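Novice: Take a look at the following structure, please.
The values are calculated or read from the model by the stated rules, or taken from the named source; none is laboratory data. This structure is a prediction, so every number in the text was calculated from the model and none was measured. Heads up, the Cβs are rebuilt from the backbone with ideal geometry, glycines too, and the neighbour counts pull from every protein chain shown. Note: areas computed on protein heavy atoms with side chains; ligands, DNA, RNA excluded. Shrake-Rupley method; radii C 1.70, N 1.55, O 1.52, S 1.80 Å.
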Amino acid sequence: MVPMTDLDTFSALLAPEGQQLLVLLRDHDPADELATATRLRRDHPAPLVSAALGQARLRQRAAAKFGADAARMYFTPHGVEQSTRAPVAAHRAARLAALGVRTLADLCCGIGGDALALARAGIRVLAVDRDPLACAAARANAEALGLADRIEVRCADVTEVDTDGYDAVFVDPARRGSVRGARIFDPEAYSPPLSWAVEAARTAPYAALKIAPGVPHEALPDDAETEWISDGGDVKEAVLWFGTGRGGARRATLLPSGHSLVGAGLPDPEPGRVGRWLYEPDGAVIRAHLVADVAERVDGRLIDPTIAYVTADHLVPTPYATAYKITDVLPFNVKKLRALLRERAVGVAVIKKRGSAVEPEELRKKLKLAGPHSCTVFLTRVAGAPTMLLGHPAAEGA
């Protein structure tokens, strides 16, 4: 069942009969879709029922990104995949507003997720996309959330839009291919290419370009500040900022706390022995190459020159890394690990790996865990040697 295949069907969803179906499907259970479709088709056109069911399914998927708003919004399959998570969009919009931005051209707006956050931050938005269906969804979303007076949606090729007179430009190039939505990793294969987006950004007083968090650092323009953003510990995106006066800077921002670490250009610390504490930096910190900045904050060192774990002899709390108290440092050996965990009656083990070829789930099967206690196991390298570190989060007590 393909949701929203054309503009006519989408327009029908916005009409009273379509709205009635969407209300009926608000708490729809996908497991009952066949029976629900059969029942609804007795009183409603089959194409409209299919579109409403597809939209209900998309809204349920989008709830992870948009929270309660998703139940009132309209989506396309690509729109759900490519939309920014609402807390991340709100963070970016707040930063633009703090820069004094009052008008902005949102290029490649999709279904309007970022435009909504920008409008809520008090910014007037020109939202542009070449996909008529995405534009229709963006207009409907602005209406549904009471923001239509702040968002103008225009269906056009973004490369032909004049952005003169706007305080800022925001570009979110498509980073998924047309075949099965495969991710695109080459920035020049984005649509439009990153090079075009960068030139468009340089024409405005301020600009923000959303890019994949795995972008190679060598591809980053020298006149842009790059910010990696994580939400709940998961790295969501990177943003190129122009006009902030921090060209070349690297920043890691952690949501929902809002803590933001700007790199000082420190060299990596010398590796050394494993101390009493191990710090696992947030993914945004690692992507931004700011592990050295975290090490300096906790008076720490690396456990290996190629591994992003920091170790220290004393606990220094930091929002940029999770601290663990280390109880054992052992050469990697499955039999010894199984015997040790059995001796300590460990029934729950969180297995983390960095720099190890061992698959955690395969190892878990071999450990045959049983007992009331828990443990965190790190599979990693120390001074180049495969190593097991055992411990528990600092929050569980010293």
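Novice: Taking Pro30, is it under 30 Å from the mean Cα position of the chain (by Cα) and surrounded by fewer than 14 Cβ atoms within 10 Å (Cβ to Cβ)?
Specialist: yes
Novice: Moving to a separate point now. Between a residue in the range 289-309 that is within 14 Å of Arg273 (Cβ to Cβ) and any residue that is of a type in the set (Gly, Ala, Ser) and assigned to a helix (DSSP H, G or I), which pairs come within a Cβ distance under 6 Å, given they are 6 or more apart or on different chains?
Specialist: none
Novice: Within the range 102-130, how many residues turn out to be in contact with a helix residue (DSSP H, G or I) (Cβ under 6 Å, 6 or more places away or on another chain), in contact (Cβ under 8 Å) with a residue 60 or more places away in the chain and small (Gly, Ala, Ser)?
Specialist: Total satisfying the criteria: 1.
Novice: Output the number of residues of the range 233-265 satisfying the condition of being among the β-branched types (Val, Ile, Thr), out of contact with any Gly (no Cβ under 7 Å at 6 or more places or on another chain) and open to solvent by 40 Å² or more (accessible area, probe 1.4 Å).
Specialist: Number of matching residues: 1.
Novice: Additional query: For the range 282-398, which fully contained strands (runs of 3 or more DSSP E) count at least 3 residues that are touching a Leu at 6+ places or on another chain (Cβ under 7 Å)?
Specialist: Filter on the range 282-398 gives 321-331, 346-353, 373-382, 385-393.
Novice: So in the range 360-382, with the set limited to residues that are touching a residue at least 24 places away in the same chain (Cβ under 8 Å) and surrounded by fewer than 13 Cβ atoms within 10 Å (Cβ to Cβ), which one is nearest to Val334 (Cα to Cα)?
Specialist: Lys366
Novice: Could you please give the count of residues in the range 268-314 that are touching a helix residue (DSSP H, G or I) at 6+ places or on another chain (Cβ under 6 Å) and open to solvent by 50 Å² or more (accessible area, probe 1.4 Å)?
Specialist: Number satisfying all stated conditions: 1.
Novice: Condition test on Ala398, is it among the small types (Gly, Ala, Ser), at pLDDT below 95 and out of contact with any Pro (no Cβ under 7 Å at 6 or more places or on another chain)?
Specialist: yes
Novice: Restricting to the range 212-229, give me the number of residues that are in a strand (DSSP E or B) and buried (at least 22 other Cβ atoms within 10 Å of the Cβ).
Specialist: The number of residues fulfilling the criteria is 4.
Novice: Mind counting the residues in the range 40-60 that are surrounded by 15 or more Cβ atoms within 10 Å (Cβ to Cβ) and assigned to a helix (DSSP H, G or I)?
Specialist: Counting residues in the range 40-60 that are surrounded by 15 or more Cβ atoms within 10 Å (Cβ to Cβ) and assigned to a helix (DSSP H, G or I) gives 14.
Novice: Of these, Leu99, Leu145, Leu133, which one is open to solvent by 40 Å² or more (accessible area, probe 1.4 Å) and in contact (Cβ under 8 Å) with a residue 60 or more places away in the chain?
Specialist: Leu99
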